[in-house]
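A quick write-up on the structure given underneath.
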Amino acid sequence: MTEVQAEQSTAATLRSRVIVMLALAAAAFHLYAAGVSPFTALVQRPVHLLFMAALGFLGAGVRRKPHAIDWVWLLPALMSFGWVAWQEEAIVRRIGAALPIDLAAGLIAVVVVLELTRRATGWPLVLVALLSLGYALAGPWLPGILAHRGYAPGRIVEHLYLSAEGLWGVPLGVSADFVYLFVLFGALLEAAGGGALLVALAGRVAGRARGGPALTATVASAFMGSLSGSAVANVVTTGTLTIPLMKRAGFRPHFAGAIEAAASTGGQITPPVMGAGAFILATWTGIPYARVAAAAVLPALLYYGALLSAVHFRAVQMDLPPGQDLVREPVIPRLHLLLPIVAIVVVIATGRSPMRAAFWGVVTAATIAMVRRETRLDPKRLIESLATGAGSTVQVAAACATAGIVVGVASLTGIGLRMSELIITLSQGYLPAALVLTAIGSLVLGMGLPTTAAYVVLAALGAPALTELGVQPLAAHLFLFYFGCISNVTPPVALAAFAAAGLAGAPPMRTAVTAMKLAVAGFLVPFMFVYGPQLLLDAPVLEVVLAACTALIGVMGLSAAVIGHVHAPLSAWQRILAASGAILMIVPGAVTDAVGIAVLALAVGPAHAKRKPQ
């Protein structure tokens, strides 16, 4: 080994050891805050961001080759984030009379956050934040509805750094309070074999049906995605097991990748955990998280009902034989790993905070894993899972902090109200047009931003317009959240599909287009629950059951139209009729439902009559 190589090896070892120590300290800090004694917002959130920034600059959770200069960023992060936590009481007392040192630390904090976000998520979110800062400065020179009085740099920094409406606002609060612990929970469960258990259970349920491996992938990704809350993370964990199974069963590489991407994307909208944006939604709207999770149950079932139907229709189209149980991972030795999931559901169902649910999830997972030798975490695996959990939170924390800049500018300038006025003006107060405009904006923003950041920006700018037009707050925010999630499989930037394409060895754009087709129900379900609150469990039981049944028929018909096959091929006119019938069933009401079902029957009836006996 040369002298240069020896120095590089020493530097890498030092970096790894520091990352492990930071991960251990971060776990201790968050578990203490969640289970023993919570800190105030201006302590918890800056310290959380300090841990994540230190990990990110040292290379954890970012796709960047380490450099010696990375260490230099630790000092400004410590100075600017640590100043808020250290001077919390004094800062609260002097709000409105910031000292020069406050403004200097605030300016450094904004620069550090933007650099961390650039490393963790790329340029798109950074550019959105820079545009928002430019908007705050350039108000007097802007035209029409965008104009405002403008703010001096010092006033902007003070608002973003010394209040709970900027960097330390609701988005970062959710990352600090809930997300880190839930990601840590998922990392511990995965290290103990929980991911393999979920895939094996899904294989037992669906593995022997037609297209069994693809159905297994869909069910397993729904389970795992609900725990991880990240479509890309879900793809790279379950996808390594499921995509080869699907390819072996006869599915083309791009189709196997598309199934995994669409299934993983739906995990973010699947209770009990869902994505980080769901926690922000609950905190932002003041709606209990248990209510948010309950409202998301039927829409998630519709999404996966459509996806499972599409997979089945494709298997029939390919004339695949009934599958075999290809997932031979043992189930019984790992079955106790389901108990931490049960613990989380019980704690949330009893009305406790998501923070407390996450705490008990982590404690239960770490304890239960030690029960049997097959799942026991030795010190090395435990430390690796802690480091993995901390590193996986870096992107979320960076995105939340930068989204806080956008939200802070919106609250300072009032741009949220102006955007709402613009949406209402463009749609002329017509709700369907406003929904379409908002959905397009959500997809465009979601293509370049992480789901959580996209939802936060849209909640600040678009939700007021929808509520002003009569949409219930829960439905309006879930509408935005859904489209932020579904952007993971919407070209030209479809991160979940691109990750799946890499695992499948398939063309990225072809995989993304196929995934978008498979996830087509995700584009219609939000419209369904806006017009039919029964799907959010906001109606008597009989109405809820009827609405769920008709909606399920509709999304299955939509899947048939997308695949072009039921029990026999569908002609072009049959596919058009099937899609038309499905869309008709978006609008609630006995007449539209009856017409929609009739149109669907006319479209798929002849093909159904041609089915082959099994």
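Data for the structure
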| read-out | value |
| --- | --- |
| Cα gyration tensor category, rounded, prolate or oblate, for the range 396-467 with a/c compared to 1.5 | oblate |
| Peptides ranked, highest mean first, by Cβ atoms within 10 Å: ranges 299-310, 280-291 | 299-310, 280-291 |
| Note, ³J(HN,Hα) from phi for the range 277-291, Karplus 6.51, -1.76, 1.60, rounded to Hz, x at Gly and Pro | x, 5, 5, 5, 4, 5, 5, 5, 8, x, 8, x, 4, 4, 5 |
| Within the range 570-587: backbone nitrogen closer than 17 Å to the L602 label point (7 Å, Cα to C-beta) | 571-586 |
| Per-residue ³J(HN,Hα) for the range 557-565, Karplus 6.51 cos²θ - 1.76 cosθ + 1.60, θ = phi - 60°, Hz, x for Gly and Pro | x, 5, 5, 4, 5, 5, 6, x, 7 |
| Solvent-accessible heavy-atom area per residue, rounded to whole Å², over the chain at 1.4 Å | 40 Å² |
| Extension reserve of the A152-L130 stretch, reckoned as 0.36 nm per residue once the Cα distance is removed | 6.4 nm |
| Accessible carbon and sulfur surface of the chain relative to its total accessible area, %, 1.4 Å | 69 percent |
| Sites A572 and L431, calculated FRET efficiency, Cβ-Cβ separation with R0 35 Å, nearest 0.05 | 0.65 |
| The chain: translational diffusion in µm²/s, Stokes-Einstein, Kirkwood Rh over Cα pairs, 20 °C, 1.002 mPa s | 85 µm²/s |
| Candidates per trypsin sites (Lys or Arg not before Pro) in the range 93-175, loop by DSSP, up to 10 other Cβ within 10 Å | R149 |
| Placed amide H near H565: partners under 5 Å, 5+ positions off or other chain | L570 |
| Sequence-distant residues sharing a close amide H with V587 (under 5 Å, placed H) | none |
| R210 long-range amide H proximity, modeled H, under 5 Å | G323 |
| Cα-based Kirkwood hydrodynamic radius, the range 485-614, one decimal, Å | 15.9 Å |
| Residue-by-residue Karplus 3J(HN,Hα) for the range 462-475, coefficients 6.51, -1.76, 1.60, Hz, glycine and proline x | x, 4, x, 5, 5, 5, 5, 8, x, 6, 5, x, 5, 5 |
| Cα gyration tensor shape of the range 86-168, rounded if a/c is under 1.5, else prolate or oblate by comparing a/b with b/c | oblate |
| Cα-based shape type of the range 277-361, given that a ≥ b ≥ c are square roots of the gyration tensor eigenvalues and the cut on a/c is 1.5 | oblate |
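The values are calculated or read from the model by the stated rules, or taken from the named source; none is laboratory data. All values derive from a computational prediction rather than experimental measurement. Neighbour counts are summed over all protein chains in view; Cβ atoms, including those assigned to glycine, are modelled from backbone coordinates with ideal geometry. Please note that ligands, DNA and RNA were not included when accessible areas were found on the heavy atoms of the full protein model with its side chains. Shrake-Rupley method; radii C 1.70, N 1.55, O 1.52, S 1.80 Å.
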